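To start, the structure under review is shown below, and the notes come after it.
The values are calculated or read from the model by the stated rules, or taken from the named source; none is laboratory data. Everything quoted here is computed from the prediction, not taken from an experiment. Cβ placement follows ideal geometry from the backbone for every residue including glycine, while neighbour counts extend to all protein chains displayed. For accessibility, only protein heavy atoms count, side chains too; no ligands or nucleic acids. Shrake-Rupley method; radii C 1.70, N 1.55, O 1.52, S 1.80 Å.
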Amino acid sequence: MKEAEKSNKFGVITPEVLNEIKDAVSAKNVYTDEADIESYSYDYTGKIFAQRFDVLVKPGNAGQISALMKAATKHRIPVTTRGAGSGLAGAAIPIYGGIVLSMEKMNRILEIDPVNRAAVVEPGVVTNDLCRAAAAKGLLYAGYPMSTELSFIGGNIGTNAGGGKVIRYGNTRRHVLGMDVVTASGDLLHLGGKYRKDTWGYPIMQLMIGTEGTLGIITKAILNLEPLPGKTVNLLAAFPDLDSMVVSVAGVVKSGAKIISCEFLDRLSAELAAKYLSTELPYQEKTEAYLLIQLEADSDEQLEAAYEKVGGICVEMGAMEVFIAESRTDSNAMWQVRQNIAEGARAEDPHASISGDIVVPLSEVPRIMKIIAAKCKAWNVVTANHGHIADGNLHPLALKPKDMTPERWAVYSEEFYADLIQEAVKLGGVGSGEHGVGCVKLDALFASKSPAELGIHSGVKAAFDPLGILNPGKLTAVK
Ligand SMILES: Cc1cc2nc3c(=O)[nH]c(=O)nc-3n(C[C@H](O)[C@H](O)[C@H](O)COP(=O)(O)OP(=O)(O)OC[C@H]3O[C@@H](n4cnc5c(N)ncnc54)[C@H](O)[C@@H]3O)c2cc1C
């Protein structure tokens, strides 16, 4: 958050500039009252990271965004694009104030195209709405962050969201075929299309993915759809200790079964989510770690063979029991617990820090689990650990010590995560797998990259956004 202190590089929104903004996007799409804009000053990272800004705009089309960017360029006003604000790294927080550009009105699914297996959507479409629309046509949109009911497609692209199906289908990058982008100076680019091969120049579209709205504003996306999976089943394996759970994962991944998901929850994660949902997972009293595994096969016989094999591996490695979801209700109950860990933690502790998102090679998962435990002791922090374990992506969710102020905790928790990030990097990993860098992990990013690499970052930023007005203070330092 140090970046925000070095402000005064940007223009001021005078009444004249405000009129130009209203001319660009239509007055009815412009909000300045505190009551209307306050909830856009922070994201899911927490209110404690809120930053004041001047104007909220909710445009209805790319033409308005282009006109807005021309005005913002003329007056050097920062513009921070916002999806649903479900981000866990403060990427949508307008740390230099100025304009917040909410995409919530651009929420139409324009086309589901079965021939090209593609969807064309506006960026404000909720992820799960696209999943449902695709399923209705017998297709799968495979992006599946645990926030699928909340997050927008534009935000998923802005963060290169991962989630529960990455092991099978890859992260959001794999699903983006094309997009329309408004640049910092207001030009409209058409990048990619309804095809899957492209060596036609620099891959500019790829640079828009996962770069947190710092290089352009996505106004339309063309997304890859997959055939719907055949038969699927969910298994819940209950382990008496973390070690046996961890060794099972490698066995499950190389079992040869078609694994769609392999998610991990430790005891505290399961307890927090189950309490929040007023439910209980099987064997909850005795279980230190669960694996939630989703498998796919072409026929009932193959599916049975797959779950026998995968369940057998878990038992061999020490699982006390492997539960098979017999119905859609059982499956939903298991996934509800997995999806509600953050909500459960926030219900218990409103200041719980949810931004932990380290990644290590799968072979280093046992080591990083031990390091997390040791660091928790050293920092006197309790974490609820969970994550997309087959991707080596862990979310240690840190609860605020009772005697610490929320202000101190906002800094302390990020210092704690920065320490874990260093360990993940030493093991050949990275500091964020899917939540992004935002404003909360910027210093940790700078600390982990070489000057040469950071120089290239700055060069890329300058090529797209010479005045540095797009989401300033994210991914590169403000010059
Ligand atoms: C309970 C919970 C569970 C979660 N689980 C996961 C998970 O499993 N996997 C995962 O990856 N994430 C997860 N997240 C984090 C979050 O939901 C994702 O990062 C999501 O992709 C953010 O989408 P959003 O629409 O809320 O974006 P926002 O938070 O609003 O914005 C995120 C970034 O994208 C940029 N952006 C938004 N729209 C555009 C656009 N149109 N053009 C350019 N840039 C844009 C913003 O500027 C910002 O930098 C979870 C969050 C919660 C609360």
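Computed from Cα positions, the angle between helix 62-75 and the longest principal axis of the chain comes to roughly 60 degrees. Converting phi to 3J(HN,Hα) with the Karplus coefficients 6.51, -1.76 and 1.60 and the offset θ = phi - 60°, the stretch 286-301 yields 9, 8, 9, 8, 10, 10, 10, 10, 10, 10, 10, 7, 7, 9, 4, 5 Hz in sequence order, with x at every glycine or proline.
For the Cα atoms of the chain, what angle does the longest principal axis make with the long axis of helix 365-379, in degrees from 0 to 90, nearest 10? Computed tilt is about 70 degrees. Each helix, a run of at least 4 DSSP H residues, gives -39500 (n - 2.57); summed and divided by the residues of the chain, these come to -11000 deg cm²/dmol at 222 nm.
According to the Cα-based calculation, Rg over Rh for the chain is 0.97, with Rh computed by the Kirkwood formula.
Using the alpha-carbon positions of the stretch 224-362, Rg (one decimal) and Dmax (whole number) come out as 15.3, 48 Å. Quick check on the stretch 291-375: take the gyration tensor over C-alpha atoms, sort the square-rooted eigenvalues as a ≥ b ≥ c, and tell me if it's rounded (a/c under 1.5), prolate or oblate. Oblate.
For Gly356, the residues 5 or more places off, or on other chains, whose built amide H falls under 5 Å of its own are Ala398. Per the 1.4 Å probe, what fraction of the accessible area of the chain, in percent, lies on carbon and sulfur atoms? Ligands and nucleic acids excluded, carbon and sulfur give 53 percent. Counting charges near Pro229 (Lys, Arg +1; Asp, Glu -1) among other residues having Cβ under 13 Å from its Cβ returns a value of +1. Once the Cα atoms are used to define both axes, helix 451-464 deviates from the longest principal axis of the chain by about 50 degrees. Backbone phi angles across the stretch 465-479, fed through the Karplus curve with coefficients 6.51, -1.76 and 1.60 (θ = phi - 60°), yield HN-Hα couplings of 9, x, 8, x, 9, 8, 6, x, x, 10, 6, 9, 6, 6, 9 Hz in residue order; Gly and Pro are listed as x.
Name the shape class, rounded, prolate or oblate, that the alpha-carbon gyration tensor gives for the stretch 45-140, where a ≥ b ≥ c are the square roots of its eigenvalues, rounded holds for a/c under 1.5, and otherwise prolate holds if a/b is larger than b/c and oblate otherwise. It is oblate, given that a/c is not under 1.5 and a/b is not larger than b/c.
Rounded, prolate or oblate, given the Cα gyration tensor of the stretch 413-454, with a/c below 1.5 counting as rounded? Here the stretch 413-454 falls in the rounded category. Overall size of the stretch 148-298 from C-alpha positions, given as principal axis extents largest first: 59, 35, 25 Å. Pairs exceeding a 21 Å alpha-carbon distance, out of Lys9/Lys461; Lys47/Lys402; Lys426/Lys479; Lys258/Lys309; Lys449/Lys479; Lys74/Lys479: Lys426/Lys479. Under 5 Å between amide hydrogens, built in the peptide plane, is the criterion, and for Asn471 it picks out Val79, Thr80, Thr81 among residues at least 5 positions away or on other chains.
In the neighborhood of Ala305, defined by Cβ-to-Cβ distances under 12 Å, what is the net charge if each Lys or Arg adds +1 and each Asp or Glu adds -1?
Overall, the nearby charge balance is -2.
Counting charges near Ala67 (Lys, Arg +1; Asp, Glu -1) among other residues having Cβ under 14 Å from its Cβ returns a value of 0.
Please report the equivalent ellipsoid semi-axes of the stretch 265-335, computed as sqrt(5 x eigenvalue) of the Cα gyration tensor, largest first, in whole Å.
Listed largest to smallest, the semi-axes of the stretch 265-335 are 24, 16, 8 Å.
Packing around the peptides 189-198, 41-50, taken as the average count of other Cβ atoms within 10 Å per residue, puts them in this order, highest first: 41-50, 189-198.
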